[in-house]
Amino acid sequence: MLLLQIVLLVVLLIWIIAIVVAYGYGRIGRRMQAQQKLVAVSESLPPLSVVIAAHNQATALRRHLPAILAQDYERFEVIVVNASSTDDTKDVLERLELQHANLHHTFTPHSARDISLERLALTLGIRAAANEWVVLTRPDCEPASSQWLQRIGETIVEPRRSIQSRRLKQPDIVVGQARFAESRHAWSNRKASLYRLWTDMSAIDHIITGHAAIGADGCNLAYRRSLFLDNGGFSAHQNLEMGAEELLVNYNSTPTNTALVLNPSATVLQDPLPSQRVWQSRRVYDRETRHHAHHTLLFRMRRHLRLVMPWLLIVTVLAAILAVFVAPLFASYLPAALSDLPEIVTPTVQAVTIIALLLLLLIYIILKVNNFNLTARALGYRAFHLSFLLFELRLPFLDLSDAIARRRADRNEFRKKFV
């Protein structure tokens, strides 16, 4: 009987930890529901400068830039930096400049050699900005509503609108949320969206539990221009090709200077990735970026716990069920103190134990899916049910394959590319 008690105690302990982890999926959604009661900000909002770095993305600019220029915001400018494009990016920008007085564009010099194109373009755009607050986004993105800049401005002047406002002082960084736009023609848009949501939830949860930001989405980020210039901009990681915005935030974020703007009307929609190969490459680059990030130990521990917990619970429950069935068959090989195991573990005890174990597993699944969907809906996603459960089981293998791909990749692949 002692052996059975130990097995069931281990299962119960792991189940409790799994329940706590599953409940944490809903923390963001619950915080966002509490913030919906806030009234509109009455004071004047700061002028904003939207900076976009574009390289051979004329089609994307033609499609998305008008939505940014049409924002319902009193004072803002848009600066597009043409990063050595060879398509008709310049023509698109010049035509739009004739229609919008607040649109300006510049370009990166072809002689640049000591910094990646993305970092150089963003640096030029931020330096050219006329305002203290700079909003960074990308050519293949457009706001989900005309209130995108309004929500950012409100968060800047009223930090209490951020869901971690209890510790927040006057912000220097405002981290927004982005997701892939829905498209029936995308290769597997829902899978990539689910992965992006899961990753964003881990990063957001790390901030609202009182820690500095691990990174930020370059599609939706507001940053003080003076903070950028005073801290040397991208100089600390200028030799990397990607991850400019993520590492910029990571190196300068503190628990008290980084606000979150997660209102669905402040969301940015990005064009779906064209193929699974691009998605895999993006994940590997993101992993390389996290390798250069600071203060990530706790974040990695919590992320890995979320990765392994579903498999750990399932394996433990199956092992316990197997032990209930198999242990009595091998009672003759057990110590004398356990020789009465076949008499104790009767068919009735076996049935009750199995039902109890499966019931614990069912409670875990229901709680986890409900909490995950609570946050997903709050962030503007549709609900995930079976697809989330299957995806979560696949996550550890995706993470392992990304780690192997990064190890095998040439180190120069992640370094700067010269013009």
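FYI, it's all coordinate maths here, none of it is from the lab. Computed from a predicted model, the values in this text were never measured in an experiment. Cβ sites come from the backbone with ideal geometry, for glycine too, and all protein chains shown count toward neighbours.
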Pairwise centroid distance, computed over Cα atoms, of segment 187-222 with segment 4-21, Å = 30
Antiparallel content of DSSP bridges confined to segment 47-299, in %, to 5 = 30
Taking the Cα centre of segment 246-331 as origin, work out the dipole magnitude from +1 charges on Lys and Arg Cβ and -1 charges on Asp and Glu Cβ, in debye rounded to 20.
-> 140
Whole-Å semi-axes of the ellipsoid equivalent to segment 47-299 (Cα gyration tensor, √5λ, descending) = 25, 21, 20
Positive-end residue of Ala213, Thr296, Asn250, charge dipole of segment 208-296 with Cβ unit charges | Thr296
Identify the residues of segment 278-307 with backbone N under 14 Å of a label point that sits 7 angstrom from the Cα of Asn239 along the Cα-to-Cβ direction, or state none.
-> 292
If you take the beta carbon distance between Thr106 and Leu305 as r and set R0 to 51 Å, what does 1/(1 + (r/R0)^6) give as a FRET efficiency, to the nearest 0.05?
-> 0.65
If you place +1 on the Cβ of every Lys and Arg and -1 on the Cβ of every Asp and Glu, how big does the dipole about the Cα centre of the chain come out, in debye to the nearest 20?
-> 440
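Tell me the relative contact order for the chain as a rounded percent, counting alpha carbon contacts under 8 Å between residues six or more apart. Display every interim value, and only then the final one.
Values: 663 pairs, mean separation 99.3, N = 419.
It comes to 24 percent, rounded to a whole number.
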Figure the gain on full extension for Asn370 and Arg75 (residue separation times 0.36 nm, minus the Cα-Cα span) and round it to one decimal in nm.
-> 102.1 nm
Could you state the angle between the C-alpha long axis of helix 189-208 and the longest principal axis of the C-alpha atoms of the chain, as a value from 0 to 90 degrees rounded to the nearest 10?
-> 90
Ranked output for segments 138-147, 117-126 by mean other Cβ atoms within 10 Å, highest leading, reads 117-126, 138-147
Once every DSSP H run of n ≥ 4 in the chain is given -39500 (n - 2.57) and the sum is divided by its residues, what mean residue ellipticity at 222 nm do you get, rounded to the nearest 500 deg cm²/dmol?
-> -17000 deg cm²/dmol
